[in-house]
Amino acid sequence: MNSIFLNNDLLKVSALKQYEVFEFQNEHGHIKHFFEKREIDIQVNGETYYDLVSPAGFGGPMIVMCSVDQKWDLIFDFKRAFEAYCIEQHIVSEAVEFHAPFGHPADFLECYEVDYERESFGIDVTKPLDQIGKEDLSKLWNAIDSGVEYRIFEGEAAIKAFEEFVHRSDKQMYLDVNQYVELIGESTFDDFVVVELSYKNEVLAMSCSSVQEDAVYTHWTSAASSYQYFESEKLLKCALYLWAKEKGLQKAWSPKEKRQSKMAIETLIAPVCTGRKIWNERIYQELCDLGKIDKRVEFFPAYRLVQ
């Protein structure tokens, strides 16, 4: 990890394989920003350049700590520091996906051009179940009557159980989870919970979630290729809801998904937004010129458009 003091502000940049984290701290507060650094195929005057995207499991810069009356000063200083870092590191542009609980687009409108993409859904755990909610939960009871079992893992045991499952069922997700776990560090393992569904001693599906304050957020779900007649995503949500209710949490948020998988008890709605930023306008234009691409196309970053 590199630590740099700039005008009494502390900047930390640490790298793990292709992922990096940029931390900014000053008297106004603390912002942490995870990103994946990608090499751009086209060189400019023999120099290699890069762009940034959000890694799996993260979403946009996150305010770790600040006082309410100093938030905008903190964000302004972060933007200035991160822009200087990008210029120095040959980073041309960035595409962020803001997704709770990590990034909040309203906080970073001065840093990125923000666009609404879709909705994510959640359950108000504190709300008494009406008949529709009971009908949703009946999916789990019916599955249990058919022989489905569910188990809850917490802490480090949860992380290990999920890694073992996706290592067999989804190799790309396994790599993403591995990177994520190495980035967040063991100190946060206690915040994780995994729901496991099994049938006839064979694991059908798992979800991996983390607790942030009064809410639990599902990062990943993965299912085995067999037993597709079980609605595994909905059963995982029901089991997680029961766990959250028992723990006294207030909200349970689902992963990014299609609207047709939304359940009736998911009455909470939050936007999923993307953010675009060109950190080096001159090099961005040169890359577009070299690739014979009009920088005004909707695709971002334009220089990666394949014609």
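The values are calculated or read from the model by the stated rules, or taken from the named source; none is laboratory data. These figures come from a predicted structure and were not determined experimentally. A quick note on method: Cβ atoms are made from the backbone with ideal geometry, for glycine too, and the neighbour counts reach across all protein chains shown. Ligands, DNA and RNA are excluded from the accessible area calculation, which covers all protein heavy atoms including side chains. Shrake-Rupley method; radii C 1.70, N 1.55, O 1.52, S 1.80 Å.
Figures for the structure shown
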| quantity | calculated |
| --- | --- |
| Considering residues of the stretch 191-209 that are hydrophobic (A, V, I, L, M, F, W, C) and under 15 Å from the mean Cα position of the chain (by Cα) only, the residue surrounded by the most Cβ atoms within 10 Å (Cβ to Cβ) | Cys208 |
| Hits in the stretch 279-304 - residues which are assigned to a loop (DSSP other than H, G, I, E, B) and surrounded by 15 or more Cβ atoms within 10 Å (Cβ to Cβ) | Trp279, Asn280, Gly291, Ile293, Lys295, Phe300, Pro301 |
| All positions within the stretch 232-260 that are at pLDDT below 85 and either in a helix (DSSP H, G or I) or buried (at least 17 other Cβ atoms within 10 Å of the Cβ) (or both) | Ser254, Pro255, Arg259, Gln260 |
| Test: residue in the stretch 116-123 that is open to solvent by 40 Å² or more (accessible area, probe 1.4 Å), of a type outside the set (D, E, K, R) and closer than 30 Å to Ile278 by Cα | yes |
| All positions within the stretch 210-229 that are open to solvent by less than 30 Å² (accessible area, probe 1.4 Å) and at pLDDT below 85 | Ala224 |
| Residue count, the stretch 122-142 (criterion: within 11 Å of Cys238 (Cβ to Cβ) and modelled with pLDDT of 90 or more) | 5 |
| Where Thr188 falls short, out of the listed (1) open to solvent by less than 60 Å² (accessible area, probe 1.4 Å); (2) under 20 Å from Trp253 (Cβ atoms); (3) touching a helix residue (DSSP H, G or I) at 6+ places or on another chain (Cβ under 8 Å); (4) of a type in the set (S, T, N, Q) | (3) |
| Strands (runs of 3 or more DSSP E) contained entirely in the stretch 62-179, each with at least 2 residues that are of a type in the set (D, E, K, R) and over 28 Å from Ile40 (Cα atoms) | 113-124, 148-154 |
| Qualifying residue in the stretch 27-48 (condition: among the charged types (D, E, K, R) and either open to solvent by less than 10 Å² (accessible area, probe 1.4 Å) or at pLDDT below 85 (or both)) | no |
| Residue count for the stretch 155-182, restricted to those that are touching an Asp or Glu at 6+ places or on another chain (Cβ under 8 Å) and open to solvent by 80 Å² or more (accessible area, probe 1.4 Å) | 1 |
| Any chance Glu110 is free of Cβ contacts under 8 Å to residues at least 40 places away in the same chain and open to solvent by less than 90 Å² (accessible area, probe 1.4 Å) | no |
| Number of the exception - Val21 against (1) β-branched (Val, Ile, Thr); (2) farther than 16 Å from Val272 by Cβ; (3) open to solvent by less than 40 Å² (accessible area, probe 1.4 Å); (4) at pLDDT 90 or above | (4) |
| Scope the stretch 58-79; condition over 14 Å from Gly275 (Cα atoms) and either touching a Lys or Arg at 6+ places or on another chain (Cβ under 8 Å) or open to solvent by less than 20 Å² (accessible area, probe 1.4 Å) (or both); matching residues | Ile63, Val64, Leu74, Ile75, Phe78 |
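For every residue, the table says whether it meets (1) within 27 Å of Leu249 (Cα to Cα); (2) without any contact (Cβ under 8 Å) to a residue 12 or more places away in the chain.
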position: Trp141; (1), (2): yes, yes
position: Ile144; (1), (2): yes, yes
position: Lys171; (1), (2): no, yes
position: Leu204; (1), (2): yes, no
position: Cys208; (1), (2): yes, no
position: Ser232; (1), (2): yes, no
